[in-house]
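The values are calculated or read from the model by the stated rules, or taken from the named source; none is laboratory data. Since this is a predicted model, take the numbers as computed values, not measurements. Glycine also receives a Cβ, built like all others from the backbone with ideal geometry; neighbour counts cover every protein chain displayed. For accessibility, only protein heavy atoms count, side chains too; no ligands or nucleic acids. Shrake-Rupley method; radii C 1.70, N 1.55, O 1.52, S 1.80 Å.
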Amino acid sequence: MMIQQGARRNYIYARQLEDAGMLHSLVTDAAWEGEHIPSSVRLMTHWVPKSAGAIQRRTVHGVSPRRIRASSLSNVAGFAMRLLNEERRFACIDEVVGLQCRARGLKGVRVIVNYHGNGGSFLDYAKSRGVSIATDFIITPKNIEIEQAERQRWPGWEEQTTSAAVIAFYRRRMSWLVGLSDIYLCPSATVARDLAGLPGFDPARVRLVPYGAGGITVLAPQTQPGRVLFAGAAGLRKGLPYLAAAATLLKQRRAPVEIVIAGAAPQRIRQRPETQVLTFLGVLDRIRMAQELARADLFCLPSLAEGSASSVYEAMANGLPTVTTSSSGSVVTDGVDGLIVPERDGRALADAIERIVADRTLRQTMSAAARATTARYSDEACGRRFIEVITALIASRRPDEV
């Protein structure tokens, strides 16, 4: 049984389990199979044209309709509970998804794969009945703490704030998951490292299963030397203040570099004096994003908290050397297909960017290595690793547990 709230990674785990003949059911929120989109949903694209993207994301391909158990009840619950505090809202949504799972039943289920605790107390119920739990920890468990620490370090950059109660709730949730899960699906060693700080952590349960680099649009390169691309929400977790500091240093050095930001960027960030050295492109659709990747000379993501950033896979598939941090959870090898720099260090970022831009031979060598790296992390290769892990989990159970 696959449990997931949202359309994360285009339901790839469900598709991979289906292809392997191992999928019992996909339990999720609003979704539909590609050939069975309700007419009311199709009409929605005419009434609300902007909904087309969301509808496309929630269309499940490659999974039999009879295995999909989808309901918009948790979406409605999430909308209705916006006035609740964050920890109560998360818990309620998970419990609503768990009710869908209970209705589906556990007959024939040996393993439940879940995203970050989706399913709530149903996971405890399933575990008590001998079902193994495999949890995909999609991001470092420290992400909320890191964000709040950055807000205190950079007052005024973001309007949001996270209370101590929410941070404590999230830590309890992660500790519960660590104790409950038979295996930890970690997209990067960074996630595994941070899980180790939680009570009940068992290193023997760690399984590194990188995310695949499939479904990426790659256009013919139109490289503009010195054009540095950042992609993602322009916020503190992604390390934007440090990228702005790097851009300022590069400008002072008269380096031929322009740093462009693709992604949501509130006016309060765009108007800050520190970010005037950055070029903001806004939110780009798939084609425009592919065009920016084709134009870029290199990619930069100075993130402070990720699982394994998908934007890095996209950049590397397009042959872009990547300057990033270890916390991006990327598959970049320092000095081979990019450079890994310390976190929160604008000078190190500037030095790394300048080094690649100035040395065109190094840039070309790293570009070829980046393409080779993404070939090793295809959806097919990463899917095989995932299926091997789940198969081994089933085989490890005692006969009386099956």
(request) Would you point out which residue out of V357, V283 is under 24 Å from the mean Cα position of the chain (by Cα), β-branched (V, I, T) and open to solvent by 10 Å² or more (accessible area, probe 1.4 Å)? (result) V283
(request) Six or more apart or on different chains, Cβ under 7 Å: which pairs go from a residue in the stretch 124-144 that's aromatic (F, W, Y) to one that's crowded, with 20+ Cβ neighbours inside 10 Å and not in a loop (DSSP other than H, G, I, E, B)? Could you list them? (result) F137/Y184; F137/L185; F137/C186; F137/V191; F137/L195
(request) Tally the residues that are assigned to a loop (DSSP other than H, G, I, E, B), under 15 Å from A358 (Cα atoms) and not charged (D, E, K, R), restricting the search to the stretch 225-254. (result) 2
(request) Output the number of residues of the stretch 182-203 satisfying the condition of being within 29 Å of R272 (Cβ to Cβ) and surrounded by fewer than 16 Cβ atoms within 10 Å (Cβ to Cβ). (result) 0
(request) Being open to solvent by less than 50 Å² (accessible area, probe 1.4 Å) and modelled with pLDDT under 95 is the filter here, so list the residues in the stretch 211-231 that pass it. (result) Y211, G212, A213, G214, I216, T217
(request) Could you pull out the residue among A370, A305, A350 that is more than 22 Å from Y11 (Cα to Cα), more than 21 Å from the chain's Cα centre (by Cα) and either surrounded by fewer than 22 Cβ atoms within 10 Å (Cβ to Cβ) or not hydroxyl-bearing (S, T, Y) (or both)? (result) A350
(request) Pull up the stretch 336-367, narrow it to residues that are in contact (Cβ under 8 Å) with a residue 60 or more places away in the chain and of a type in the set (V, I, T), then point me to the one that is farthest from A244 (Cα to Cα). (result) V357
(request) Of all residues in the stretch 261-286, count the ones that are within 15 Å of L298 (Cβ to Cβ) and either touching a helix residue (DSSP H, G or I) at 6+ places or on another chain (Cβ under 7 Å) or of a type in the set (F, W, Y) (or both). (result) 1
(request) Please work out which residue is farthest from the chain's Cα centre (by Cα), limiting yourself to the stretch 182-222 and to residues that are within 24 Å of L240 (Cβ to Cβ) and assigned to a loop (DSSP other than H, G, I, E, B). (result) I216
(request) Considering every residue within the stretch 255-271, establish whether at least one is crowded, with 20+ Cβ neighbours inside 10 Å, more than 24 Å from the chain's Cα centre (by Cα), in a loop (DSSP other than H, G, I, E, B) and touching a residue at least 40 places away in the same chain (Cβ under 8 Å). (result) yes
(request) Identify the residue in the stretch 11-35 that is in contact with a helix residue (DSSP H, G or I) (Cβ under 6 Å, 6 or more places away or on another chain) and among the acidic types (D, E) and, among all such residues, is modelled with the lowest pLDDT. (result) E33
(message) Residue under question is L278, and the condition is that it be open to solvent by 10 Å² or more (accessible area, probe 1.4 Å), over 22 Å from D359 (Cβ atoms) and touching a residue at least 12 places away in the same chain (Cβ under 8 Å); does it hold?
(response) yes
(request) Name the helices (runs of 4 or more DSSP H) wholly inside the stretch 79-181 in which the number of residues that are out of contact with any helix residue (DSSP H, G or I) (no Cβ under 7 Å at 6 or more places or on another chain), open to solvent by 20 Å² or more (accessible area, probe 1.4 Å) and closer than 25 Å to Y11 by Cβ is 3 or more. (result) 86-104
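To keep it simple, each residue is scored yes or no on (1) within 25 Å of M174 (Cα to Cα); (2) modelled with pLDDT of 65 or more; (3) within 23 Å of the chain's Cα centre (by Cα).
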position	(1), (2), (3)
R42	no, no, no
V48	no, no, no
G53	no, yes, yes
H61	no, yes, yes
S74	yes, yes, yes
D94	yes, yes, yes
G98	yes, yes, yes
A103	no, yes, no
(request) Find all pairs meeting these conditions: Cβ atoms under 8 angstrom apart; at least six residues apart or on different chains; first residue within the stretch 368-382 and at negative phi; second residue among the small types (G, A, S) and surrounded by fewer than 18 Cβ atoms within 10 Å (Cβ to Cβ). (result) D379/G215
